[in-house]
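The values are calculated or read from the model by the stated rules, or taken from the named source; none is laboratory data. Bear in mind the structure is a predicted one, so any value in this text is a computation, not a measurement. Positions of Cβ are backbone-derived with ideal geometry, glycine not excepted, and every protein chain shown enters the neighbour counts.
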Amino acid sequence: MASDSDASLLVAWQLKNKHVLVVGGGDVASGRIHHVLVAGAKITVVAPQDGLHPVTKWHIDTTPDRITYYDRVFTPADLDGKDFVLTAIDDADASRDIASRCRALKLPVNVADDPPSCDFFFGSQIRKGPLQILISTNGRGPKLANIIRRRIEESIPSHAGEAIERVGTLRERLKARAPGVGGEVGRRRMKWMADLCTAWEIEELASLTDEQMDRMLTEGWEKDVVLSPQDLGVQPAAHSDSE
């Protein structure tokens, strides 16, 4: 059994406007490109055109403002100015050479299908709006990660993404009304938001309107109480047929 020291540190890495190099253009590379595009990165793809997967080619053709493409194999100069490197090629020796060069430059690198050469793993991911969940087996069982992901995904309320969006908006409005980091106001603000999220159902939070948020702050926060959905006349979002 693996020890705790074999575990990874799971973090939400902010890639917006970071420069990511993707070496390879096949099926695996297309998935990597999708993930970093969604994260807002600027991407350089280096791969011979005759090996491009249709999805990779589609990404290149439809997002020229975000993807720079070179129809050739990797050269060491491709690492210049990069923040993050992904390799997805069939040549294991070439992949390890790229990983070695990345480490010499202190560049985080992921080598597809070669866990010992990776600084990080992609795992199996769930995304519903701002909600992101990563299931990682630390490179030991990618297929099992996918199976576990499906089971977790089935248990997530259909309106979870909308609820998080609404709570995020309310939180920003509260911070504007009661600014400050730490201190008594910060602690009170955190407790009030925590009490709200505990007291309300996901579907109720998803249904909050801007007007109801204003009332929540004026009649609730200002009086140090958490109003109930009934107080505000909230109608819970309807469950989807799939639930």
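Name every residue in the range 129-146 that is buried (at least 16 other Cβ atoms within 10 Å of the Cβ) and either more than 22 Å from Asp6 (Cβ to Cβ) or in contact with a Lys or Arg (Cβ under 6 Å, 6 or more places away or on another chain) (or both), in order of residue number.
Ile135
Please determine whether any residue of the range 147-165 is loosely packed, with under 13 Cβ neighbours inside 10 Å, acidic (Asp, Glu) and farther than 22 Å from Ala238 by Cβ.
no
Quickly run through the range 75-85 and pick out the residues that are over 17 Å from Ser30 (Cα atoms) and not hydroxyl-bearing (Ser, Thr, Tyr). Lay out the reasoning, then the answer.
Of the residues in the range 75-85, the ones over 17 Å from Ser30 (Cα atoms) are 75-83.
Pro76, Ala77, Asp78, Leu79, Asp80, Gly81, Lys82, Asp83 - these are the residues of the range 75-85 that are over 17 Å from Ser30 (Cα atoms) and not hydroxyl-bearing (Ser, Thr, Tyr).
Among the listed residues Asp61, Asp65, identify the single one that is part of a loop (DSSP other than H, G, I, E, B) and charged (D, E, K, R).
Values: Asp61 fails: part of a loop (DSSP other than H, G, I, E, B).
Only one candidate qualifies: Asp65.
Filter the range 128-139 down to the residues that are closer than 21 Å to Asp114 by Cα and either touching a residue at least 24 places away in the same chain (Cβ under 8 Å) or assigned to a helix (DSSP H, G or I) (or both) and list them by number.
If we filter the range 128-139 for residues that are closer than 21 Å to Asp114 by Cα, which is where we start, we get 134-139.
Once the filter is applied, which keeps residues that are closer than 21 Å to Asp114 by Cα and either touching a residue at least 24 places away in the same chain (Cβ under 8 Å) or assigned to a helix (DSSP H, G or I) (or both), the range 128-139 yields Leu134, Ser136, Asn138, Gly139.
Checking the structure you have, find out if any residue of the range 99-117 is more than 18 Å from the chain's Cα centre (by Cα), part of a helix (DSSP H, G or I), farther than 23 Å from Val11 by Cα and of a type in the set (Ser, Thr, Tyr).
Yes, there is a match, as at least one residue in the range 99-117 is more than 18 Å from the chain's Cα centre (by Cα), part of a helix (DSSP H, G or I), farther than 23 Å from Val11 by Cα and of a type in the set (Ser, Thr, Tyr).
Can you name every residue in the range 142-184 that is at pLDDT 90 or above, not in a helix (DSSP H, G or I) and not polar (S, T, N, Q)?
At the first step, the residues of the range 142-184 found to be at pLDDT 90 or above are 143-179, 184.
Checking which are not in a helix (DSSP H, G or I) leaves us with 156-159, 178-179.
If the condition is that a residue be at pLDDT 90 or above, not in a helix (DSSP H, G or I) and not polar (S, T, N, Q), then Ile156, Pro157, His159, Ala178, Pro179 are the ones that fit.
Failed condition for Asp71, given (1) over 24 Å from Ser100 (Cα atoms); (2) more than 24 Å from the chain's Cα centre (by Cα); (3) among the acidic types (Asp, Glu), with all others met?
Only one criterion in (1) over 24 Å from Ser100 (Cα atoms); (2) more than 24 Å from the chain's Cα centre (by Cα); (3) among the acidic types (Asp, Glu) is unmet by Asp71, namely (1).
Of everything in the range 68-82 that's in a loop (DSSP other than H, G, I, E, B) and among the acidic types (Asp, Glu), which residue is farthest from Gly51 (Cα to Cα)? Full working, then the answer.
Here is the first cut: in the range 68-82, the residues in a loop (DSSP other than H, G, I, E, B) are 71-75, 80-82.
With among the acidic types (Asp, Glu) added as a condition, the list becomes 71, 80.
Working: Asp71: 10, Asp80: 24 Å.
Only one residue tops the list, namely Asp80.
Filter the range 25-48 down to residues that are more than 13 Å from His59 (Cβ to Cβ) and of a type in the set (Gly, Ala, Ser), then give me how many there are.
Looking only at that region, the number is 2.
Could you tell me which of the residues Arg149, Arg166, Arg127 is closer than 26 Å to Glu203 by Cα, assigned by TED's automatic domain parsing to the domain that holds Glu204 and of a type outside the set (A, V, I, L, M)? Working first, answer last.
Details: Arg149 fails: assigned by TED's automatic domain parsing to the domain that holds Glu204; Arg127 fails: assigned by TED's automatic domain parsing to the domain that holds Glu204.
Just one listed residue meets the conditions, Arg166.
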